[in-house]
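J.: Got a structure here, written out as structure tokens. Questions coming.
Nothing in this text is a laboratory measurement; each read-out follows from the coordinates by a stated rule. Values in this document were obtained by computation on a predicted structure and should not be read as measured data. Reconstructed Cβ throughout: ideal geometry from the backbone, glycine too, with neighbour counts over all protein chains shown.
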Amino acid sequence: MKPLLLFVLSMVTFARDAAAEDAECVRERGAMIETIRAYAQSDARALGPQGLSERVLEAMKQTKRHLFIAERSCSIAYVDGPVPIGLGQTISQPYIVALMTQLAAVAPDHVVLEVGTGSGYQAAILAQLARKVCTIEIIPQLAEGAAKTLKKLAYDNVSVRLGDGYDGWPECSPFDAIVVTAALGEVPPPLIEQLRVGGRLVMPVGAGYSTQQLTVVEKIAPGKTATRAVALVRFVPFTRSND
Ligand code: SAH
């Protein structure tokens, strides 16, 4: 082949690859991972000496956050902050998603409960780290939308249920980890009951829309827990079915 033609062809391939990368938000997701790493390095208080695991970072890197929001825009989806998902709800800032996932200490054979499915993004991250994820959402349109997105993206080990997550999901329990992504003044007792001994629950404790304590509750024996507050966060409120 003539050198000029070869050059033109390789430029076309290069442009096509670059366009494919643009559509997949590869650059933006890479930048998001670097920002998460930087936050993690300066947050030993919340994360402890081991920091953020490569497993959690890899799950964040593999998950296309832009496919969980209506606009599907790279510039909106990967900003370093919460992203609106409609009906007054948001996906948390990427670092907070990573931090909660790390604190939940999810292993490959685990069954995990999420309360507050929202867009399905956090459930998708958990699905890559656990055997099974059961997630509950109280707003019908969000539960339906998240179930559709997760199915389309082939996260086959996630079950979405419409309901009030205060009562947990007994049929799916016991859970090795529970992640609650809406704020409430107290940890719902049914969630602690459905947590396996040795398991952890991660949840923002405090009033919605104000500052809450991101709290880790570890079930150390039947009827016995150890609780610690790790960071200040700001989450939307945990609502009840009769609110
Ligand atoms: N984890 C989500 C974001 C959650 S925003 C994501 O990755 O996109 C918090 C969500 O909790 C909202 O969708 C809200 O409707 C839901 N929620 C609030 N109270 C709830 C309750 N009692 N049971 C289940 N979901 C609840």
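J.: Could you run through region 118-152 and say how many residues are crowded, with 23+ Cβ neighbours inside 10 Å and within 10 Å of the ligand (Cβ to nearest atom)?
T.: Counting residues in region 118-152 that are crowded, with 23+ Cβ neighbours inside 10 Å and within 10 Å of the ligand (Cβ to nearest atom) gives 13.
J.: Taking residue 180, is it more than 23 Å from residue 128 (Cβ to Cβ), within 13 Å of the ligand (Cβ to nearest atom) and within 16 Å of the chain's Cα centre (by Cα)? Lay out the reasoning, then the answer.
T.: Working: more than 23 Å from residue 128 (Cβ to Cβ): no; within 13 Å of the ligand (Cβ to nearest atom): yes; within 16 Å of the chain's Cα centre (by Cα): yes.
So residue 180 fails the test.
J.: Can I ask one more? Checking the condition within 12 Å of the ligand (Cβ to nearest atom) and in contact with a Leu (Cβ under 9 Å, 6 or more places away or on another chain), which residue from 188, 204 passes? Break it down stepwise before answering.
T.: Working: 188 fails: in contact with a Leu (Cβ under 9 Å, 6 or more places away or on another chain).
Answer to the selection: 204.
J.: Which members of region 153-173 meet the condition of being surrounded by fewer than 18 Cβ atoms within 10 Å (Cβ to Cβ) and on the phi > 0 side of the Ramachandran plot?
T.: Those that are surrounded by fewer than 18 Cβ atoms within 10 Å (Cβ to Cβ) and on the phi > 0 side of the Ramachandran plot: 154, 163.
J.: Find all pairs meeting these conditions: Cβ atoms under 7 angstrom apart; at least six residues apart or on different chains; first residue within region 126-150 and among the acidic types (Asp, Glu); second residue assigned to a strand (DSSP E or B) and within 12 Å of the ligand (Cβ to nearest atom).
T.: What qualifies is 137/160; 137/162.
J.: Does any residue of region 21-29 turn out to be in contact with a helix residue (DSSP H, G or I) (Cβ under 7 Å, 6 or more places away or on another chain) and not in a helix (DSSP H, G or I)?
T.: Yes, region 21-29 contains a residue that is in contact with a helix residue (DSSP H, G or I) (Cβ under 7 Å, 6 or more places away or on another chain) and not in a helix (DSSP H, G or I).
J.: While we're looking at this one, here's another question. Are there strands (runs of 3 or more DSSP E) fully within region 61-166 with at least 2 residues that are closer than 27 Å to residue 199 by Cβ? List them.
T.: Details: elements: 83-86, 89-91, 111-115, 132-137, 158-162.
By residue number, 89-91, 111-115, 132-137, 158-162.
J.: Filter region 36-90 down to residues that are basic (Lys, Arg) and in contact with a helix residue (DSSP H, G or I) (Cβ under 6 Å, 6 or more places away or on another chain) and give me whichever is farthest from residue 118 (Cα to Cα).
T.: Here is the first cut: in region 36-90, the ones basic (Lys, Arg) are 37, 45, 55, 61, 64-65, 72.
Within this subset, residues satisfying the condition of being in contact with a helix residue (DSSP H, G or I) (Cβ under 6 Å, 6 or more places away or on another chain) are 61, 65, 72.
Details: 61: 20, 65: 13, 72: 16 Å.
Filtering first and then ranking leaves 61.
J.: Away from the ligand (no atom under 15 Å from the Cβ) and either β-branched (Val, Ile, Thr) or crowded, with 18+ Cβ neighbours inside 10 Å (or both): is that true of residue 115 in this structure? Can you show your working first?
T.: On the way: away from the ligand (no atom under 15 Å from the Cβ): no; either β-branched (Val, Ile, Thr) or crowded, with 18+ Cβ neighbours inside 10 Å (or both): yes.
So residue 115 fails the test.
J.: Cβ-Cβ below 8 Å, separation at least six or inter-chain, first residue in region 61-90 and closer than 17 Å to residue 31 by Cα and among the small types (Gly, Ala, Ser), second in a helix (DSSP H, G or I) and more than 14 Å from the ligand (Cβ to nearest atom): which pairs?
T.: Within 8 Å, the pairs are 75/28; 77/28.
J.: Here's something else I'd like to know. Consider residue 208 against the criteria (1) outside any strand (DSSP E or B); (2) loosely packed, with under 14 Cβ neighbours inside 10 Å; (3) of a type in the set (Gly, Ala, Ser): it satisfies all of them except one. Which criterion is unmet?
T.: Against the list (1) outside any strand (DSSP E or B); (2) loosely packed, with under 14 Cβ neighbours inside 10 Å; (3) of a type in the set (Gly, Ala, Ser), residue 208 comes up short only on (2).
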